[in-house]
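Below is one structure, written out as structure tokens, with a few remarks after it.
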Amino acid sequence: MHPNSPCIDAGANDALESWLTEDYDGTSRTVNGVVDMGPQEYKPIVVPIDFGTIQEAINNANDGDEIIVLPGFYQENVDFLTKNIRLRSLNPFDANIVAQTIIDGNDQGSCISILSGQNDSTLVAGLRLQNGNAKYGGGI
């Protein structure tokens, strides 16, 4: 499900059968107190709540997942592997949030590597990249 889908939190809780507590992939049928329309609830992966590092979140993500990085300092080099995922800050349109959501490459290579297997659904937004150091780009 796309994070801007009008189906998110648009279901009718009173129409949900009491025995239907999980969606088709085994996660809770209601997130944020309101059921989504469709067979699966939208639930992004949140760093550092769900995983301590961005790379851990990517390692556990599936194609189509969205990873939201909360404001903080993340000293790591991130590799998208071959996954089509969306990686963004809590609010890519808020300059203060972006300034406070930092991936620091520690001069050890690109901050973010997107090397193979991705398509136009792959996204990076609202992150401050610093101290990347690589032959073909220290940021991404």
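The values are calculated or read from the model by the stated rules, or taken from the named source; none is laboratory data. Just so you know, these numbers come straight off a predicted model, no measurement behind them. In this analysis, Cβ positions are derived from the backbone assuming ideal geometry, glycine residues included, and neighbour counts consider all displayed protein chains. Please note that ligands, DNA and RNA were not included when accessible areas were found on the heavy atoms of the full protein model with its side chains. Shrake-Rupley method; radii C 1.70, N 1.55, O 1.52, S 1.80 Å.
List of remarks:
- FRET efficiency for E22 and K135, using Cβ-Cβ distance with R0 set to 41 Å, rounded to 0.05: 0.30
- In this structure the chain gives 57 Å² per residue of accessible area when probed at 1.4 Å with all protein chains present.
- Choice from F80, F51, F93 showing the highest fluctuation, given a GNM over the chain with Cα pairs closer than 10 Å: F93
- Approximate spin-label separation N60-N96, in nm, with each point projected 7 Å along Cα-to-Cβ: 3.0 nm
- The chain: relative contact order as a whole-number percent, Cα under 8 Å and 6+ apart: 17 percent
- GNM top mover of L123, L115, L20 - the chain, alpha-carbon springs below 10 Å: L20
- Counting only protein heavy atoms and a probe of 1.4 Å, the accessible surface of the chain is 51% carbon and sulfur.
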